[in-house]
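**Student:** Would you mind keeping the following structure in view while I ask a few things?
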Amino acid sequence: YNNYFYLMSAVSGVLDVVYTAVLAGIGNSLVTESITKNEKDFKVFVGINSWIIGWCSICFLCLFQPMMLLWMGRGLMLGFDTVLLLCVYFYVWKIRQAVLLYKDAAGMWHEDYLRPYVEMGVNLAVNIILVQTIGINGIVISTIISMALISLPWETHVFFKKCFHKSPKSYYYSILKIIIITMILATTTYFLCQIIQGGPVFLLLARFGICVVVPNLLLILLGRNNQYFREVISHMMMFMKSIKKSDSPVIKKG
């Protein structure tokens, strides 16, 4: 379990660097821009974050097992049911990041101070119940339940009420659509990856190629006529260009 979680933590650490880099800019925008402008930017950020998190989750679903087979050997591999639950856990864990990032940028730390304690209590109670019946899967399920049913709605309600002064119903609706699309992309990509057979190295590389091309291409085809999706793509391109410029060497004159 620790080997699987180590890979998820590594990917999460990379994403956290990106989140930290945009935190100050979001905070400045919340102070200087209108609520309408900030809400529009928030929707775009949700789209970008959902795309990235969805793709990472699909990669975990398709690549966890060949990676573990190559790295640790078949004796230290978990069952596919646990792998699937870990992918759901990662998705629920990081899909909340848009709201959490905006909450931190707005300085909303006291408004839901009871939330982590309630989440911890629910997680512990469900842990004790499920771990005795379904083992390690019970631990993952209890964490998913506490995040999805306690933390996500609680922090989202507080954020929308204090920052945008409105109900988060439209946000829940958009997240539901995003989840359905992600499930379709994940199912399609996974079954295409199952067609590939071969040694561990070839299997890992071939499936990674499918994970890079198939879900992203399908997503672009599905959303090419949507104005909101075009804005998400535009902002992602601008972000990638900014990273490329920051990595280029500085040439000094003289």
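**Student:** Can you name the residue in segment 164-183 that is touching a residue at least 24 places away in the same chain (Cβ under 8 Å) and farther than 29 Å from residue 27 by Cα and is also most open to solvent (accessible area, probe 1.4 Å) among such residues?
**Tutor:** Ranking the candidates gives 181 first.
**Student:** A follow-up question, please. Quick test for you: out of 53, 35, pick the one residue that is touching a residue at least 12 places away in the same chain (Cβ under 8 Å) and within 16 Å of the chain's Cα centre (by Cα).
**Tutor:** On the way: 35 fails: within 16 Å of the chain's Cα centre (by Cα).
Answer to the check: 53.
**Student:** If you go through segment 104-125 one residue at a time, do you hit one that is touching a residue at least 60 places away in the same chain (Cβ under 8 Å) and either more than 27 Å from residue 29 (Cβ to Cβ) or charged (D, E, K, R) (or both)?
**Tutor:** Yes, segment 104-125 contains at least one residue that is touching a residue at least 60 places away in the same chain (Cβ under 8 Å) and either more than 27 Å from residue 29 (Cβ to Cβ) or charged (D, E, K, R) (or both).
**Student:** Also, quick follow-up: Going through 42, 60, 64 one at a time, which residue ends up being modelled with pLDDT of 90 or more and over 17 Å from residue 90 (Cβ atoms)? Full working, then the answer.
**Tutor:** Numbers: 60 fails: over 17 Å from residue 90 (Cβ atoms); 64 fails: over 17 Å from residue 90 (Cβ atoms).
One residue alone meets the criteria, 42.
**Student:** If residue 81 passes every condition in (1) at pLDDT 90 or above; (2) among the acidic types (Asp, Glu); (3) open to solvent by less than 60 Å² (accessible area, probe 1.4 Å) but one, which one does it miss?
**Tutor:** Against the list (1) at pLDDT 90 or above; (2) among the acidic types (Asp, Glu); (3) open to solvent by less than 60 Å² (accessible area, probe 1.4 Å), residue 81 comes up short only on (3).
**Student:** Just wondering, is there one or more residues in segment 141-163 that are farther than 14 Å from residue 96 by Cα, at pLDDT below 90, open to solvent by less than 80 Å² (accessible area, probe 1.4 Å) and of a type outside the set (Phe, Trp, Tyr)?
**Tutor:** So far as segment 141-163 goes, yes, one or more of its residues are farther than 14 Å from residue 96 by Cα, at pLDDT below 90, open to solvent by less than 80 Å² (accessible area, probe 1.4 Å) and of a type outside the set (Phe, Trp, Tyr).
**Student:** Sticking with this structure for a sec: Would you call residue 58 within 12 Å of the chain's Cα centre (by Cα), in contact (Cβ under 8 Å) with a residue 40 or more places away in the chain and either at positive phi or open to solvent by less than 30 Å² (accessible area, probe 1.4 Å) (or both)?
**Tutor:** Here the answer is yes, as residue 58 does meet what is asked.
**Student:** Within segment 34-84, how many residues are more than 22 Å from residue 219 (Cβ to Cβ) and in a helix (DSSP H, G or I)?
**Tutor:** First, pick out the residues of segment 34-84 that are more than 22 Å from residue 219 (Cβ to Cβ): 34-39, 65-83.
With in a helix (DSSP H, G or I) added as a condition, the list becomes 35-39, 65-71, 74-76, 80-83.
The qualifying residues number 19.
**Student:** Run residue 196 past the list (1) farther than 20 Å from residue 91 by Cα; (2) of a type in the set (A, V, I, L, M, F, W, C); (3) open to solvent by 80 Å² or more (accessible area, probe 1.4 Å) and report the number of the one that doesn't hold.
**Tutor:** (3)
**Student:** Looking at residue 166 and the list (1) part of a helix (DSSP H, G or I); (2) more than 17 Å from residue 45 (Cα to Cα), which single condition is not satisfied?
**Tutor:** (1)
The values are calculated or read from the model by the stated rules, or taken from the named source; none is laboratory data. Note that the structure is predicted; figures quoted are calculated from it, not measured. Don't worry about glycine lacking a Cβ; one is built from the backbone with ideal geometry, like all the others, and counts go over all protein chains shown. Side chains included, ligands, DNA and RNA excluded: accessible areas come from the protein's heavy atoms. Shrake-Rupley method; radii C 1.70, N 1.55, O 1.52, S 1.80 Å.
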